[in-house]
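Student: Take this structure first; my questions come after.
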Amino acid sequence: RVSIVGSMNADNVVEVETMPQPGETIIGGPMAVHAGGKSANQAASCARLQLHTDLIGAVGSDASAEFLLHELDDAGVGIGSIEHVEGPSGSTIIVVDPHGENFIVVSSGANGKVDGGFVHRHSEVIERSDILGLCLEAPLQVVAESSRIAHAAHTRVVLNISPMPEDLNPSLKHCLADIADIAVMNEHETAQWLGLAYEPNLESDWDDLHDQLCATGLGRVVITLGAAGSVILDGSQALHIPAFTVQPVDTTGAGDSFMGSMLASLASGNSLDSACEVASAVSAFSTLGKGAQSSYGDTQQITDFVLN
Ligand code: ADP
């Protein structure tokens with residue numbers, strides 16, 4: 001069993017020819033609405049692999065709430081620990097230009113009403129799961145409280161250190177490192193975390209990077225490298241997991257697909273190495289369709305993809 005605590009958003013996406021300047025009004029293309037939010041994406045990716053997955057979080061009292069719950073339910077996510085609160089659901093406004101450049105405004109809505117007390121009402125769900133998945137779209141207090149419940153119940157915590165907090169400082173890093181039994185981040189986030197002027201790539205000195213990560217309190221870390229795959233750093237020799245070769249259509253949500261499928265594989269009893277190999281296949285498949293949750297494959301689709 002996997003539990004995930006965090007955010008879900010209705011992503012409102014509109015394509016434009018050129019980005020509007022401040023004060024300017026422009027005409028864009030049709031508005032597309034996708035189910036998003038990092039935690040919801042991760043839960044959907046995990047549940048599509050037939051792993052029992054519960055999402056703990058909140059939707060509002062608007063029309064988006066039904067849409068978000070329907071999409072999660074369709075993916076097989078357990079929605080019994082998602083509460084309805086007064087007001088709007090979490091949403092984003094995303095404006096994309098033909099170069100793929102974007103502007104994103106996040107309105108937390110119901111996600112902002114999840115607090116420590118909220119998590120406590122659903123503590124049993126965390127306690128009976130093998131793995132808890134967290135990311136930093138949820139408030140720090142929620143992340144900390146969820147991990148406290150998990151650790152007391154010997155539930156392993158995988159923390160996706162994304163998005164990177166603006167107020168990152170050594171004590172916050174140590175607090176997050178204490179939470180994470182395994183940390184997952186991409187190459188941009190790794191550079192931000194370590195204050196590096198460059199982004200790690202396959203040529204990097206991984207032993208040195210692991211030493212630097214350990215100095216911030218982290219132990220086991222998975223760094224995703226987009227089309228270059230991922231690297232596991234856990235004190236033994238760094239292990240590179242290659243990406244599958246694909247012609248991507250849209251890489252939105254690939255990182256969430258990687259995290260969700262990694263959670264599914266770990267909770268099935270697989271090693272971190274095997275879990276990252278599964279995640280490599282599942283996340284590559286997710287780049288073949290548009291959107292995040294809408295592009296995630298189920299067990300049959302992933303099996304066919306790997307065998308072909
Ligand atoms: P994020 O979406 O958080 O930036 P990444 O871009 O690192 O994360 O992607 C996460 C994982 O998705 C990668 O480790 C890789 O396994 C897979 N992936 C991403 N882009 C591609 C691609 N172009 N081809 C194949 N796999 C990809």
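Student: For region 45-88, what are the residues that are in contact with a Phe, Trp or Tyr (Cβ under 9 Å, 6 or more places away or on another chain) and charged (D, E, K, R)?
Tutor: 48, 83
Student: Can you say whether residue 293 is loosely packed, with under 15 Cβ neighbours inside 10 Å and within 27 Å of residue 8 (Cβ to Cβ), as far as the supplied structure shows?
Tutor: no
Student: For residue 258, only one of the following conditions fails: (1) closer than 17 Å to residue 188 by Cα; (2) near the ligand (Cβ under 7 Å from one of its atoms); (3) in contact with a Pro (Cβ under 9 Å, 6 or more places away or on another chain); (4) hydrophobic (A, V, I, L, M, F, W, C). What is its number?
Tutor: All conditions pass for residue 258, except number (3).
Student: When only residues in region 224-255 that are more than 8 Å from the ligand (Cβ to nearest atom) and closer than 30 Å to residue 10 by Cβ count, which is modelled with the highest pLDDT?
Tutor: Filtering region 224-255 for residues that are more than 8 Å from the ligand (Cβ to nearest atom) and closer than 30 Å to residue 10 by Cβ, the one modelled with the highest pLDDT comes out as 247.
Student: Can I ask one more? Quick one: residue 32 ticks every box in (1) at negative phi; (2) surrounded by 22 or more Cβ atoms within 10 Å (Cβ to Cβ) except a single one, so which number is it?
Tutor: Here residue 32 meets the rest and fails (2).
Student: With respect to residue 282, is the statement that it is surrounded by 23 or more Cβ atoms within 10 Å (Cβ to Cβ), modelled with pLDDT of 95 or more and either of a type in the set (Val, Ile, Thr) or not in a helix (DSSP H, G or I) (or both) true?
Tutor: Yes: the conditions hold for residue 282.
Student: If we only count strands (runs of 3 or more DSSP E) wholly inside region 178-259, which ones have 3 or more residues that are of a type in the set (Val, Ile, Thr)?
Tutor: By residue number, 221-224.
The values are calculated or read from the model by the stated rules, or taken from the named source; none is laboratory data. Fair warning: this is a prediction, and the values are worked out from it, not measured in the lab. Here Cβ is always computed from backbone atoms with ideal geometry, including for glycine, and neighbour counts include all displayed protein chains.
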